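Structure record follows, encoded as C-alpha cells.
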Amino acid sequence: MRVALFLTCVNDTLYPDTGRATVKLLTRLGVEVDFPEAQTCCGQAHYNTGYRHQAEPLARHFSDVFGGYEAIVTPSGSCAAMVRELYPRLGERARAEGRGGGLAAAVAPVVPRTYELTEFLVDVLGVTDVGAYYPHTVTYHPTCHGLRSLRLGDRPARLLGAVKGLDLVELPGAEECCGFGGTFAVKNAAVSAAMGADKVRNAESTGADVLCAADNSCLMHIGGTMSRLKAGPRPVHLAEILASTEEEPLT
Amino acid sequence: MSGTFVGMPAFPEAARAAVGDATLRANLRHATHTIRDKRARAVAELDDWARLREAGKRIKDHTLRHLDRYLLRLEEAVTAAGGTVHWAADAAEANRIVTRLVQETGESEVVKVKSMATQEIGLNEALEAAGVRAYETDLAELIVQLGHDRPSHILVPAIHRNRGEIRDIFRAEMGRWGRPAPEGLTDTPAELAEAARLHLREKFLRARVGISGANFMVAETGTLVVVESEGNGRMCLTLPETLISVVGVEKVVPTWRDLEVFLQTLPRSSTAERMNPYTSTWTGTTDSDGPRAFHLVLLDNGRTDTLADEVGRQALRCIRCSACLNVCPVYERAGGHAYGSVYPGPIGAILSPQLRGTASAVDASLPYASSLCGACYEVCPVAIDIPEVLVHLRERVVEGGEVTRRGVRVRLRPAKGHAAERAAMRAARWVFGHPGALRAGQRLASRTRAVHPRTLPGPGRAWSATRDLPPVPAEPFRDWWRRTHGEGSGA
Ligand code: SF4
C-alpha cells in the first residue's frame, strides 16, 4: 500500500523526529510512504482564529497536493480533525455564500481518505501490535481533537498496550484540555497557563517517566510548561514510541 | 446590588485576576467537578440520551423556524386564559412595561424568582430607580443580592462563594433587608438554609406582586413552566395577587408533549437529578386560586436578530441547564464574572456577543474565551455546537461581515486591534501558499538556531512568560526527506 504522509507545518518545522519516526514505523509495517513536498499547512490556525477566508486557499492547496492519494496519514489529531470535520464545512459555507461549489468539490476526495496515525494503523492496517519496544512507564494524554472530534477511543491505548516493555499508567483528568488551543494560548495566556500547569501536575502525579500524546501542538504547550515549572515527565509523540524497537531503541 | 456589567474589562484581563484568586479557584473547582461527575452518572442512566438530545434539538429548531407563528398562538392562548401579553423589543421597553405594571398595583415591593431575563435587562435597577424594591428569593440569588455581588453561574449564581463567606454575608446583611440572621449562625448548610427560609418566608407572606421568569412557554395552552428545587418558585407564583412573568421569546415550545423531552434532559443536565423537586405550571388566571392578574412580557432584546444568523441562531436552543459551564476548563479558572454578562461560560461566550453585538471590549473578547476543546458541545442537551459558533463569531470580530441589528441588515467592519494579527495571518497564508518560501524560512530558522531565544517578543510574550519554546531542530523534516529520499521525490 502506498500512502501520502501529511506531516503538518508544526511537525515539519519543529518536530522532524516525529516525521522520521512515522516514516520508519509505516515502512516497517510494509507501507510505502510518499512525502509530497508541496504540502504546507492545513489552515487550522487561520480557521480557528476567525480567518476562514484565509483558510480556504490552504484547504484547496491541501486538496490539490493530496487529491491523488488513496490514503493520507498524519501524526496530528488536530490537523486530521481540521481536514475531516472542517473542510466540508468550509466548502458548504463557500457555497452558501454564493461562491459556488468549487471548494466543496475540491475537498470531497481528501476528506474521507485522511487518517490520523492511530486510526490508520488500527482501522486500515488492522494492527495493534506494531512490534515496538519501549521500556518506560508512560501516561497518555488523549488531546481534545483526538477525543471529541476524531473519537479515537481506545485505539492509542491498544497500540501502547501492545508495546513490549511499556508500562501504561492512567492520567488523572485525562479528558481535560491542556490549555493550548492555538492562539488561545496567547490571547488568554493566564487561563491557558493555569490549565497547562494542572495538566503537568496530573502527569507528574502518575509517576510516569514519559507523557505521550498523538499531537505535538499539545505536547509543545505541555512540554513548554514542564520545562518552565521544572516538573513532569518527558513529552514524547506516540509515533516515536511506536517506531522504537529493540534493535533501534528511541533511548 | 450592582447588576450592571457595563464597563467590564475584556475577558483576558478579568480572567487573569480570577486565576490569581486562590479561594475563588478552589470554590469553583470543587463545585464544578462535583456537579460534572454527578451529571455524567445521571445521564449515563438513560440509554436513550442521544435520542432525547436529538429530539430536544429538533423541537427547538422547528419552533425557532416558525417562531412568529408559535408566539402568536401563545398570545392567543394566554389572552383566552385571562392573562395579558406585552411585547418588549428591548431592555428599556421591558423595564418600562414592568415598572408601570408594578406601579399600577400601588406596591413598592416585589418578590422575584427564576428570572435571568430580568437580570439581562437590569430590571432590579430600573425598579429601584422608580422606588420599588425587588427581593430575590432563589437561595443563591439571595446570597448574591445580599452580598452586593453579581451572579456568576446560570444555575448556582453564588457558586463563587463558600459556606463561610455566605454565613458572613447573612450575618452582616439580612437585618438590613428584613428578618436578621439568627444569633450564632454557623456555616452548616442546614443552618444557612433555615436562616434563608425564615428571612424569605416573611417576604412571601407580605408580597402582593411577584415577578418570575419561565423555563418554557407552551403555545397551545398558554401555559408557563418553571423548573426549580427550592419551592420558592411555587411561593412566588401562587401567593401574590399580581404575577408578572418576563420571558425571552425563544422559550416557547409548541405543545405540552414537547415538555416530555425537556423535563428529562434539563434536570439531569443541570442538577444531575432524575427529576427536579418542583415543576410549577401556570395558565392565565383562575377565580379562586393564585394571582388575580397575570402579565406576560415577551422579551426580544436581540433575539430575532440572532435568529437571522444562520450559524449563530443555534444559541437560542439553549435551555439554560449550565452543563456547559460545569465542564468548561476556562470557566473553571476564570469564574463567571469575567464573562461580563448574566450568561457566563461557553453559552455566554456565544450568546452575549449576539444579543448585544461585538462593539464593546468585553463582547469582542468573548468569542476567544475558549480553547475550543469541545467539552461544552459534548454535554449540551440540545446539541448546540458552541465551538462552531465561537469560530463564526471570531470571524465576525476580525473580518466584519453582515449582521442584523434591530431588524436591519448592516455591514460590520472588522474590530480594531487585530491589524497585527491579520497581517501575520496573511503573511503565514502567503508562506503556506508557497512551499519554497516555507522551506527557506525553515532553513533560516535551523541555521540560526543557536541564537534563538526561548522567549518571544511582542504579542508572543504572553506565551513565553509561562512556557518555554521548543528548540529549533538542526534540520527540518523536508530537508531530511530530500537528503534521504532524493531530490524531487514525491513532489
Ligand atoms: S448551551 Fe447547552 S449545555 Fe449550555 S446551558 Fe445551554 S443547554 Fe445547557
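Computed over the alpha carbons of segment A:137-243, Rg followed by Dmax gives 13.0, 42 Å.
Under 18 Å from a label point set 7 Å out along the Cα-to-Cβ vector of B:Arg409, the amide N atoms of segment B:292-310 belong to B:304-310.
Applying a 4.7 Å Cβ-Cβ cutoff to chain B, the cysteines left without a disulfide-compatible partner are B:Cys236, B:Cys318, B:Cys321, B:Cys328, B:Cys380. Here is the size of the protein assembly as shown from its Cα atoms: Rg then Dmax, 28.0, 92 Å. Ranking A:Ala214, A:Tyr140, A:Ala174 by Cα position along the charge dipole of segment A:137-243, where only Lys, Arg, Asp and Glu carry charges on their C-beta atoms, puts A:Ala214 farthest toward the positive end. Of all complete DSSP H helices in chain A, those with a Cα span along the helix axis of 15 Å or greater and a mean Kyte-Doolittle hydropathy of -1.0 or more are A:16-28, A:52-66, A:189-205, A:216-229.
Only beta bridges with both residues in segment B:115-255 are counted; by DSSP, about 35 percent of them are antiparallel.
What 222 nm value per residue comes from the helices of chain A, counting each DSSP H run with n ≥ 4 as -39,500 (n - 2.57) and dividing by all residues, nearest 500 deg cm²/dmol? Helices in chain A give a 222 nm mean residue ellipticity of -12500 deg cm²/dmol.
First measure r as the distance between the Cβ atoms of B:Thr255 and B:Arg426, then evaluate 1/(1 + (r/R0)^6) with R0 = 45 Å and state the FRET efficiency to the nearest 0.05. Calculated value: 0.30.
Once the Cα atoms of helix B:91-105 and of chain B are each reduced to a long axis, what angle between those two axes, in degrees from 0 to 90 to the nearest 10, is obtained? Compared with the principal axis, the helix lies near 10 degrees. Among the chymotrypsin sites (Phe, Trp or Tyr not before Pro) within segment A:1-110, not one is in coil by DSSP while having at most 14 neighbouring Cβ atoms inside 10 Å. How many percent of all Cα-Cα pairs in segment B:48-294 sit more than 29 Å apart? When all Cα pairs of segment B:48-294 are counted, 31 percent exceed 29 Å. For segment B:201-273, applying the loop criterion from DSSP together with a ceiling of 16 other beta carbons within 10 Å to the GluC sites (Glu not before Pro) yields B:Glu220, B:Glu241, B:Glu273.
Taking R0 as 51 Å, what's the FRET efficiency between B:Glu402 and A:Val124 from their Cβ-Cβ distance, rounded to 0.05? For R0 = 51 Å, the calculated efficiency reads 0.75.
Taking Cα atoms only, the orientation of helix B:67-80 departs from the longest principal axis of chain B by about 10 degrees.
With R₀ set to 60 Å, the beta-carbon distance separating A:Glu246 from B:Arg51 gives a calculated FRET efficiency near 0.75.
Translational diffusion coefficient, Stokes-Einstein: compute it for chain B using the Kirkwood radius over C-alpha pairs as Rh, at 37 °C and 0.692 mPa s, and state it as an integer in µm² s⁻¹. The diffusion coefficient I find is 133 µm²/s.
In a solvent-free Debye calculation with one equal scatterer on each Cα, what is log10 I(q)/I(0) for segment B:4-91 at q = 0.11, 0.15, 0.22 Å⁻¹, listed in the order of the q values? So the normalised log intensities are -0.77, -0.97, -1.00.
For the segment A:40-46, counting C-beta atoms of other chains within 10 Å of every residue's C-beta and taking the mean gives 4.
With contacts taken as Cα pairs under 8 Å and at least 6 residues apart, chain B reaches a relative contact order of 19 percent. 3J(HN,Hα) along segment B:418-426, derived from phi through the Karplus expression 6.51 cos²θ - 1.76 cosθ + 1.60 where θ = phi - 60°, amounts to 10, 4, 5, 5, 4, 4, 5, 5, 5 Hz, with x in place of Gly and Pro. Averaged over the residues of peptide B:385-392, the number of Cβ atoms from other protein chains lying within 10 Å of each residue's Cβ is 2. The amide H of B:Val252, built 1.01 Å from its N in the peptide plane, has B:Met217 as neighbours under 5 Å, considering only residues 5 or more places off or on other chains. Between the amide H of A:Tyr115 and those of A:Ile72, A:Val73, A:Thr74, distances stay under 5 Å, these residues lying 5 or more places away or on another chain, with hydrogens modeled in the peptide plane. Put a plus charge on the Cβ of each Lys and Arg, a minus charge on the Cβ of each Asp and Glu, and nothing anywhere else: the dipole of the protein assembly as shown about its Cα centre is then about 1460 debye. Binning the alpha carbon pair distances of chain A at 10 angstrom intervals from zero yields the distribution 8, 32, 35, 20, 5, 0, expressed in whole percent. You can think of it this way: the chain between A:Arg234 and A:Asp154 has 26.6 nm of extra reach, that is 0.36 nm per residue less the Cα-Cα gap.
Expressed as a fraction of 2.2 N^0.38 Å, the value expected for a compact globular protein of N residues, the C-alpha radius of gyration of segment A:103-166 is 1.35.
Calculated translational diffusion coefficient of segment B:228-315 (37 °C, 0.692 mPa s; Stokes-Einstein with Kirkwood radius over alpha-carbon pairs) equals 213 µm²/s. Charges were assigned to the Cβ only: +1 to each Lys and Arg, -1 to each Asp and Glu. The resulting dipole of segment A:2-124 about its Cα centre is roughly 200 debye. Placing unit charges on each Cβ (+1 for Lys and Arg, -1 for Asp and Glu) gives the protein assembly as shown a dipole about its Cα centre, and among B:Gly56, B:His199, A:Ala193 the Cα reaching farthest toward its positive end belongs to A:Ala193.
Annotation: amide H-H contacts under 5 Å for A:Thr137 (H modelled 1.01 Å from N, sequence separation of 5 or more, or interchain): A:Asp167, A:Asp209, A:Val210.
Per residue of peptide A:27-37, the mean number of Cβ atoms on other chains within 10 Å of the residue Cβ is 3.
In chain B, taking the dipole from charged Cβ atoms about the Cα centre, the farthest positive-side position among B:Val209, B:Pro254, B:Ser341 is held by B:Ser341. Among beta bridges identified by DSSP and lying wholly in the protein assembly as shown, the antiparallel ones come to about 25 percent. Given segment B:332-452, what whole percent of its Cα pairs are spread farther than 18 Å? More than 18 Å apart: 63 percent of the Cα pairs in segment B:332-452. Considering all different alpha carbon pairs of segment A:2-124, the Kirkwood hydrodynamic radius works out to 14.6 Å.
Phi-derived couplings, Karplus 6.51 cos²θ - 1.76 cosθ + 1.60 at θ = phi - 60°, listed residue by residue for segment B:301-311: 6, x, 6, 5, 5, 5, 4, 6, 9, 4, 7 Hz, with x used for Gly and Pro.
Computed on chain A, with alpha-carbon pairs under 8 angstrom and 6+ residues apart, the relative contact order is 20 percent.
The angle between the Cα long axis of helix B:345-355 and the longest principal axis of the Cα atoms of chain B comes to about 80 degrees, rounded to the nearest 10. The charge dipole of segment B:48-294, taken about the Cα centre with unit charges on the Cβ atoms of Lys, Arg (+1) and Asp, Glu (-1), comes to about 340 debye, rounded to the nearest 20.
Since every read-out is calculated from the coordinates, none of them should be taken as a lab result. Here the structure is a predicted model, which is why all the values come from computation and not from measurement. All Cβ positions, even for glycine, are placed from backbone atoms using ideal geometry, and neighbour counts span all protein chains on display.
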